[in-house]
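I have placed the structure first, in the form of structure tokens, so that the comments after it can refer back to it.
The values are calculated or read from the model by the stated rules, or taken from the named source; none is laboratory data. Remember, it's a predicted structure, so these values are computed and weren't measured experimentally. Don't worry about glycine lacking a Cβ; one is built from the backbone with ideal geometry, like all the others, and counts go over all protein chains shown. Ligands, DNA and RNA are stripped out before the accessible areas are found, and what is left, the full protein with its side chains, is counted by its heavy atoms. Shrake-Rupley method; radii C 1.70, N 1.55, O 1.52, S 1.80 Å.
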Amino acid sequence: RVKRRTRSAAGAAPRVVKTLEDTPFYSRSVVRSRLFGADRIGVHESLSGPRLRNPAVKMLLPFRMPRLA
């Protein structure tokens, strides 16, 4: 649920192909976009500092989240 922003060519909308990790303050996804005239696939990571500083989230940091991949 972290906002994900990335760049692409004008008129081309990037798409999330697969979400690898999605936590309350961090997300990692495989994205497909168009850059420099060619279709590209890359890994996109986003970190939300305000969410990470949230006391409720800090309390959960010692616990490992299960991976779905």
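Here are some notes:
- The strands (runs of 3 or more DSSP E) falling completely within the chain that include 2 or more residues that are among the acidic types (Asp, Glu) map to 15-22, 38-47.
- Residue in segment 45-64 that is open to solvent by 50 Å² or more (accessible area, probe 1.4 Å), over 15 Å from Val2 (Cβ atoms), under 17 Å from the mean Cα position of the chain (by Cα) and modelled with pLDDT of 85 or more present: no
- If you filter segment 26-44 down to residues that are within 10 Å of the chain's Cα centre (by Cα) and not basic (Lys, Arg), you find that the one that is most open to solvent (accessible area, probe 1.4 Å) is Val43.
- Flag if Thr23 is free of Cβ contacts under 8 Å to residues at least 12 places away in the same chain and open to solvent by less than 70 Å² (accessible area, probe 1.4 Å): no
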